[in-house]
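Everything below concerns the one structure shown next.
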C-alpha cells in the first residue's frame, strides 16, 4: 500500500538511483570524445605511480628475507605467519575489527537520529547546532589528546577499547550528520506524510519509507566511519598502552620504529592492514560517487 | 543551556498524540545523543585547552603548577624559535600538498569522467590509495625509500644515483620524498570529490557551447570550472585543515626529522605534550594554532566568495 503510493507520488531524483542510464555509445557526440591517447597516456602514467607502491609491498611480503629479486618468486608466507602470531597482528586485527564495527554502528545510528532532526524540524537551537557541527571540523583531534586522555583516565577507560571507540565516533559524527541530513532532505517529506495518513506512526513511516531510500548514503557514511577508525592511529596509540589491546596501525608503527626494521614483517603487516579496507572499498566504489553527489556538502 | 530550557518548557496545548510522536520534543531527543557526545568529548576538551593555556601545568613538575597569565603566550612569540620554524614548515606543507593534490586530482577526475573502455577498473585503481591509512602509507614508502633494498638500489643498478642512499634521512631530499608519499594518498580524495561534482554538470551546456563553436579548452574554462567552483573551494579548505592537523604520516615516516626538518606545528605540539609533559605550554601552542586555522579559513572563505552568485 505504502510503497505503491510512494512510487506514484515521487518516482523522483532519489539517491537510490545508482547511476543514470548511460546513453548508447552511438548517440554520443563528438564534443564528448577526447582522442584516445589523451585518456590512456596520462591515465597509464598515473596508474604506474599508483600501483608501484602496492606492488612493492606485495613483493616484500611474499619474497624471502634478503632476496633482491623483483618478482616474488619463490613465494613464501613466512612473513605473514611471523607477523600474525609472533608480532600479535592476530590480536590487533581482532581489536581493529571490533573498534571499526562498533564505531560504524554508533556513528550511523547517532548521526541518523540527529540528521533526521536537522532535515525535518525547525527548532530553537538548530542554527547554533549546525554552526557547532561546522566549527568542529576545525578542531584537530590530535591537539586534544591531553584533555581527552584526562577525561578517559577519569572515566577509568584508559586501556579499554571503549575509549578509542568513543573518540573515533565523536570525531566522525559532525560530517556524518551533515551528510545524512542532506540525504534525508532529498527524500520528499510528502512520502512520509502519506505514510502517516495510512496509519503509520512517525518511526514506522521513517523505517518503511525513508530508510530504504537512504541506503546508498548510509553505506557511504558507514564505510567512511569504518575505514576512518580502522586507519586512525593517534587515539589508539595514546589511550591503549597494553599490547593486548592495541590496533593494527599501532602495531605497524611498532614494526617501523624498531631499531632494525624487519621489512618482510612490515610488508606482511601492511597487507593485513590493507585487506579489510580494500574489500570495503571494492564494495562501495560504485556508491561512492553517487553518495557524494547526492549528499554533497552544500545544504 | 537554551536546549535544556526548551526541553523543560511544558508543551502548552493539550497533547493529542502519543509522547513519542510529539514533534515539539522529538528534535531535541534526536539530537541529544550527538549533542552530549560532542559537548563531552569536543567542547569540554577545547575549553580545557583554553584554560590550561593560562596555566603552568606539568605533571612531572607539580611544584610549579599554577596560574601563569599570558606567560605561555609571550614565551611562544618571543622566546621560541621552534614555533616559528614549525609554523613556516606547516604553511609550506599545506600549500604544496593541497596545491598539487588539487591539480592532479582535477586532471584525474576530468580524465576518468570521459567514456573509455576499462573505465570502471581504471577508476577503482586510481582511487584505491584513498582508503589507505597514513600509517600504512608510511609503511609502504619506508619499504620504497629504504637505503638497502629500496627503489634507489634498483635505480643505482640502472646507473642512476648511488647505492645506499636514503632519501628520508637526507635534509635535501626529505621534503620532496614525503610530499610524493602524501600525494600518492591525497590525490584520490580530490579526484573523487570533483568527479562526483562533475556528474551534475548539465550536458546541454556543452552541446550549446559546441554549437557556438567553443573549443574543448574554452568549454572547460567557461562551463566546467565555474560549476566546480564551490566544490573546489570547500574541498581545498577541508583538505588544508586536514593536512595541517594530520600528524599520522609525518609522525611515522620521519618522526619530524631529520634534524627537525619535517616537524609541523601539530607534531611539535604533540612532542611538547607527550614527551616533555609540558601541558600548559602545549595548550597555549594549541590555542595559537587553532586561532591561526580559524582566521585563515575565514579569510579564505571571504576571499573566494564561497556560495556567492547563485
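Readers should treat all values here as calculations from the given coordinates under stated rules, not as data from a laboratory. Since we're looking at a predicted model, the values are computed, not measured. Cβ: placed from backbone, ideal geometry, glycine included. Neighbour counts: every protein chain shown.
Would you please give the FRET efficiency between residue A:97 and residue A:244, computed as 1/(1 + (r/R0)^6) with r the Cβ-Cβ distance and R0 = 22 Å, to the nearest 0.05?
E between residue A:97 and residue A:244, to the nearest 0.05, is 0.90.
Ignore the peptide's own chain and count Cβ atoms of other chains within 10 Å of each Cβ in B:119-126; give me the average, rounded.
Per residue, the average neighbour count from other chains is 4.
Can you give the extra length, in nm with one decimal, that the chain gains between residue B:295 and residue B:103 once fully stretched, where that is 0.36 nm per residue apart less the Cα-Cα distance?
66.6 nm
Tell me, what is the percent relative contact order of chain B, built from C-alpha pairs under 8 Å that lie six or more residues apart? Don't skip to the end; give the middle numbers.
Details: 278 pairs, mean separation 82.2, N = 310.
The value is 27 percent.
How crowded by other chains is A:46-56, given as the mean number of beta carbons from other chains within 10 Å of each beta carbon?
6
Extending each Cα 7 Å along its Cβ direction at residue B:304 and residue A:185, get the distance between those two points in nm, one decimal.
Going from the residue B:304 label point to the residue A:185 one covers 1.9 nm.
Modelled label-to-label distance, residue B:211 and residue B:115, 7 Å Cα→beta-carbon offset: nm?
Using points 7 Å along Cα→Cβ, the separation is 2.0 nm.
Within 10 Å of each Cβ of B:91-98, how many other protein chain Cβ atoms are there on average?
Taking all residues of B:91-98 together, the mean is 0.
Can you give the calculated 222 nm mean residue ellipticity of chain B, where each DSSP H run of n ≥ 4 adds -39,500 (n - 2.57) and the sum is split over every residue, rounded to the nearest 500 deg cm²/dmol? Before the final figure, lay out each step's value.
Working: 15 runs with 193 residues, N = 310.
One gets -19500 deg cm²/dmol as the mean residue ellipticity at 222 nm.
Any idea how far apart residue B:171 and residue A:162 come out in nm if each label point goes 7 Å out from Cα toward Cβ?
4.9
May I ask you to derive the FRET efficiency for residue B:199 and residue A:261 from their Cβ-Cβ distance with R0 = 60 Å, giving the value to the nearest 0.05? Each step should come with its number before you reach the end.
Details: r = 43 Å, r/R0 = 0.72.
Efficiency, rounded to the nearest 0.05: 0.85.
Say a paramagnetic label sat at a point 7 Å from the Cα of residue A:78, along Cα to Cβ; which residues of the range A:230-263 have their backbone N under 15 Å from it?
Output list for this probe position: A:262-263.
Pulled fully out, how much extra length does the chain show between residue B:124 and residue B:60, if you take 0.36 nm times their separation in residues and subtract their Cα-Cα distance? Each step should come with its number before you reach the end.
Working: separation 64, 0.36 × 64 = 23.04 nm, distance 5.05 nm.
Full extension from residue B:124 to residue B:60 adds 18.0 nm.
Relative contact order for the range B:82-204: what is it in percent, counting Cα pairs under 8 Å that are at least 6 residues apart? Before the final figure, lay out each step's value.
Values: 94 pairs, mean separation 47.7, N = 123.
Normalised by residue count, the contact order of the range B:82-204 is 39 percent.
Give, in nm to one decimal, the length gained when the segment between residue B:242 and residue B:153 is fully stretched (0.36 nm per residue of separation minus the Cα-Cα distance).
28.6 nm
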